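Asks: Before I ask anything, here is the structure I am working with.
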Amino acid sequence: MAQTAAPELTRQQRDLLSALVTAVERAPAAASGDDDHAWLLHVLRASDGSHYVAFSITPRAHAMPDGPLIIYVRLATAATPGVMTTTERSVVREWLAGSRTDPRLLPRRGIAIGEMPPMGAGAIGARGAASVGSADLQVMGLERERARQRREDEERRRRAELEGTSANKSDRLPFEDFEVGLPASFRDGTSAIQRALTAGPGTYDLSVAWTEASQPAAKAQVHVARRILQLAPAAAEFGLSSVVVADRIGVREIPYSSLEQRAHPYTIGATEILPSRDTVFTPNERMSVAFQIVNPAPSPGGKPDVVVNMRIVRVAGARDELVASLTPLTYNAATLPADFDVRAGHPLIAAMSAPLATVRRGEYRLLITAEDRVAGAVISTNAPFTVVGTAASLLAEAPALAPRFNPADVLQAPIVTILVDHLAPANPTPALAKSLQSARSGRFADLLVEEPVAPAEQGVRTALTGLALLSLGDLGAIAQFERALGLQAASGPVRFLLGAARALQNRDPDAISAWRSARDTGPLAPIVNRLLAEAYLRQKDYQNAADALTATGVTAEDAELTRTFAATRIALGRGAEAVAALDRLLARDPGHLEARWLLLHALYSDLVKGNQEHRDRFLAEAQRYIDAKGPHAGLAAEWSAVTRQRPTSP
């Protein structure tokens, strides 16, 4: 493909570029690690075997101008103590001094500087037959043969350099590039400098300099980022490149030209990758990864046969917990384009995107295993990432508003007394009177010893046996209560107990049906209404849960009823009503931690919806709950932290 002409630089831009080159030359040598700018660096393989290094720099806030930049990238061989090195010359400086050749168009390792190379294994052309004919044709054939031999010699020399068996004796810098253009940006809007370079193995000093493109050179504020870059010799074995953790991976209809590619180093052919600024995600995001499969063995038709398996594991101390196994990726003759051929240097890029909605907060690793079925080789790597909560996802981690049903709630002495009074006939026989007294006294085990009673009392006695089984958590109570109803025992108290047994069985719809039938048993109505509200809450039927308590007077003296009332209002998004009821309860009982937690829940729910009116009160109440060592203090601290970080919204 013909190289498109590089854009001309104005005199002012040439002066700025000269200032950048001078700043790099005068800057101190790179340390062993990164400087104080944030770097992302990914190493892939070019078709000629060289390394393709895509990188992003997120400068310090004051070091990134708002408008277009002029950028200069230099790769220099790092000095080794005690080893004499060749002084490397800058073709960019020579061009600025008057050289006619634009360094952006100089060939390096078989590609134009700044051009995104095809990825994958390179191929050396097959030897052709010499022509036979006239003397002129024989001379031309001889020249072609000599040219071919020179190309093969150059290829052998180049591959020896890439494999680290021979040193590059060039006196030019291994890589230089420059451009005028706008900075790149990550998905969150953070500006960055994104570039790419190609190089063979070695230890290098990578320098990137930039400045605002519109200012005079004399007033230019130049910024320089430097780091050490170590590239291993190219290997012929099956392998994987760096894993690019991305916010998005898409497909372009038209690939970038070689010069356009300069500003889009993470676009590989038609595959467009938006790298993630970090590896921290929230549950409402997707995590995407892309990586190159290096040196897959070709089948006779040039197609690879590679299967990639990926698993997400949660890092739990010294061990990993499997979270998910993703659908395998297969690359073979059945899945690749008809003209794909690894022998021609076609790239084999694997890409995957997965939602994180069901992944709870924590540290994770994506385990990647690739199997080359042609070569019988397997290679593995991993990509760590973190899932953190948003304001909304942290709210979703709150314990359920409705408590699990506890049979002890319906076996309290005042409730049992009401039940027994409504079950008892006017003149019970001595045997039944004894059983009724055992029930009133809470001696439920005694009820399992049945003494004969009058036939008319069989329904009551059966209900008391069911009460004894319920106290033990024995679901055989259900059959006893249903039999008692068939024996004409008082419907209200028996259906109340049947509802309790159904709730213990986790069959809330049946419990609701039974409790609605028991609602008319006068003194039991407030208790039934609370149980109904909690059952509706467990069913996420929030409106019926709220309606169950509308006819009941909620007072601070009844803590359980107040708690349930507040929960129904929180579920309906009516936080102000919940807060008012809980404030009355807490004024009476400041140490009621369950009520204090619901107060936090109500206040935080309003913050998540965007109502910042009670932000300060929420923070104060959260700290009070944390100081009291409430059972959900950890989550309260998370809510408090996300509220302090930024205005709380989903």
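Asks: Is there a residue being among the basic types (Lys, Arg) and under 13 Å from the mean Cα position of the chain (by Cα) anywhere in segment 399-409?
Replies: no
Asks: Shifting gears a bit: Given (1) in contact with a Ser or Thr (Cβ under 9 Å, 6 or more places away or on another chain); (2) not in a helix (DSSP H, G or I), identify the lone condition not met by residue 475.
Replies: All conditions are met except number (1).
Asks: In addition: If residue 502 satisfies every condition in (1) over 47 Å from the mean Cα position of the chain (by Cα); (2) among the charged types (D, E, K, R); (3) under 17 Å from residue 524 (Cβ atoms) but one, which is the exception?
Replies: Only one criterion is unmet by residue 502, namely (1).
Asks: Looking for something within 14 Å of the chain's Cα centre (by Cα), crowded, with 18+ Cβ neighbours inside 10 Å and under 29 Å from residue 181 (Cβ atoms) - is there at least one such residue anywhere in segment 310-321?
Replies: No, segment 310-321 has no match at all.
Asks: Further question on the same structure: Considering only residues of segment 221-242 that are touching a Leu at 6+ places or on another chain (Cβ under 9 Å) and at pLDDT below 90, which is surrounded by the fewest Cβ atoms within 10 Å (Cβ to Cβ)?
Replies: Across segment 221-242, the extreme among qualifying residues is 233.
Asks: Considering every residue within segment 433-442, establish whether at least one is in contact with a Phe, Trp or Tyr (Cβ under 8 Å, 6 or more places away or on another chain), among the aliphatic types (A, V, I, L, M) and either over 29 Å from residue 542 (Cα atoms) or surrounded by fewer than 17 Cβ atoms within 10 Å (Cβ to Cβ) (or both).
Replies: Checking segment 433-442: not a single residue is in contact with a Phe, Trp or Tyr (Cβ under 8 Å, 6 or more places away or on another chain), among the aliphatic types (A, V, I, L, M) and either over 29 Å from residue 542 (Cα atoms) or surrounded by fewer than 17 Cβ atoms within 10 Å (Cβ to Cβ) (or both).
Asks: Within 19 Å of residue 412 (Cα to Cα), of a type in the set (S, T, N, Q) and touching a helix residue (DSSP H, G or I) at 6+ places or on another chain (Cβ under 6 Å) - does that describe any residue in segment 477-487?
Replies: no
Asks: Another question about this same structure. Can you find even one residue in segment 546-565 that is touching a His at 6+ places or on another chain (Cβ under 7 Å) and closer than 18 Å to residue 398 by Cα?
Replies: Checked against the condition, which is being touching a His at 6+ places or on another chain (Cβ under 7 Å) and closer than 18 Å to residue 398 by Cα, segment 546-565 yields no hits at all.
Asks: Filter segment 56-91 for residues that are among the acidic types (Asp, Glu) and more than 34 Å from the chain's Cα centre (by Cα) and give the result.
Replies: 88
Asks: Just to be sure, is residue 624 modelled with pLDDT of 95 or more and either assigned by TED's automatic domain parsing to the domain that holds residue 504 or over 28 Å from residue 504 (Cβ atoms) (or both)?
Replies: Here the answer is yes, as residue 624 does meet what is asked.
Asks: Now for a different question. Only one residue in 462, 429 is under 60 Å from the mean Cα position of the chain (by Cα) and in contact (Cβ under 8 Å) with a residue 12 or more places away in the chain. Which one?
Replies: Every option except 462 fails the conditions.
Asks: Another question, then. Report, ordered by the first and then the second residue, all pairs with beta carbons closer than 8 Å, sequence separation of six or more or different chains, a first member in segment 468-488 that is at negative phi and surrounded by fewer than 22 Cβ atoms within 10 Å (Cβ to Cβ), and a second member that is part of a helix (DSSP H, G or I) and among the aromatic types (Phe, Trp, Tyr).
Replies: 471/444; 472/444
The values are calculated or read from the model by the stated rules, or taken from the named source; none is laboratory data. Computed from a predicted structure; not experimentally measured. When we count neighbours, we look across all protein chains shown, and the Cβ atoms used for this are built from the backbone with ideal geometry, even at glycine.
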